[in-house]
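The values are calculated or read from the model by the stated rules, or taken from the named source; none is laboratory data. Computed from a predicted model, the values in this text were never measured in an experiment. Cβ sites come from the backbone with ideal geometry, for glycine too, and all protein chains shown count toward neighbours.
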Amino acid sequence: MGTVGSAPATDRAKGFREILEEYPDMKIIDAQSGDFTRAGGKQVMEAFLKKYGNEITAVYGHNDDMAIGAIQAIEEAGMKPGEDIKIVSVDAVRGAFEAMIAGKLNATVECNPLLGPQFYEMALKAVCGETLPKWVPRRRASTCLTTPRKSCRRASTRPGTQVTSGITCPQSWSAQGRGAASCAASRQSKAARHPPQVEVAQWPNLTTPFSR
């Protein structure tokens, strides 16, 4: 789980439990905070493995760092992450993609509003029966800098990419003159989305530690 009491940890835990109500065979057997760090995720996973052993069949991490830490603990225990224990996490950071390519992480989820328009476009085309490309490149965005600059400037960073002293913002912000105030608000919102905890659950024939 993410940081106890944080909005991200609370909301991700709530949403996860709401969906589990539709799957009565899957049960959470434990949950602990990993402080959104790799070290924390590893420590919690080590404790879970020691306590539950082979009962664990899946882990849900509130963020990728904790999931990557859990992967390290699983490997050190002589098991295969992604196979012996399924792992899903949140944030879609580079390390998570590397873990997926290696077959150690089963999925990572990113809720990035910058991707919304493209998802909508693709969904509309699919509903209309159009042929969709196998790969859709992400569009460029503008980068909002709060220090020392006061407004958005064009940059060739990818949407969602963090930069020194700022965050990536929609291009429309610059055009609308929303500037530093909007950047600061989004920055705080982004920072608030990082809490940590780890939960364990059971599937029919499965036990699942879920790292948040």
*For residue 94, indicate whether it is free of Cβ contacts under 8 Å to residues at least 60 places away in the same chain and closer than 28 Å to residue 138 by Cβ.*
yes
Those residues of segment 107-146 which are modelled with pLDDT of 80 or more, of a type in the set (Ser, Thr, Tyr) and over 18 Å from the mean Cα position of the chain (by Cα) amount to 120, 131
In segment 24-51, residues that are hydrophobic (A, V, I, L, M, F, W, C) and either outside any helix (DSSP H, G or I) or surrounded by fewer than 20 Cβ atoms within 10 Å (Cβ to Cβ) (or both) total 7
Of the conditions (1) of a type outside the set (A, V, I, L, M); (2) surrounded by fewer than 22 Cβ atoms within 10 Å (Cβ to Cβ); (3) outside any helix (DSSP H, G or I), the single one that residue 95 does not satisfy is (3)
- Out of all the residues in segment 62-74, is one or more of a type outside the set (Asp, Glu) and either surrounded by fewer than 22 Cβ atoms within 10 Å (Cβ to Cβ) or touching a Cys at 6+ places or on another chain (Cβ under 7 Å) (or both)? yes
Over segment 29-84, the set of residues of a type in the set (Lys, Arg) and more than 19 Å from residue 108 (Cβ to Cβ) is 50, 51
Here the qualifying pairs (Cβ atoms under 6 Å; residues six or more apart or on different chains; first in segment 52-66 and part of a loop (DSSP other than H, G, I, E, B); second polar (S, T, N, Q) and surrounded by 19 or more Cβ atoms within 10 Å (Cβ to Cβ)) come out as 57/207; 57/208; 62/197
Kindly establish whether residue 83 is charged (D, E, K, R) and farther than 23 Å from residue 5 by Cα. yes
How many residues of segment 80-102 are under 11 Å from residue 61 (Cβ atoms) and charged (D, E, K, R)? The answer is 1
Selection from segment 1-23 of residues touching a residue at least 40 places away in the same chain (Cβ under 8 Å), small (Gly, Ala, Ser) and not in a loop (DSSP other than H, G, I, E, B) yields 7, 9, 13
Of 172, 89, the only residue that is modelled with pLDDT of 50 or more, among the polar types (S, T, N, Q) and surrounded by 11 or more Cβ atoms within 10 Å (Cβ to Cβ) is 89
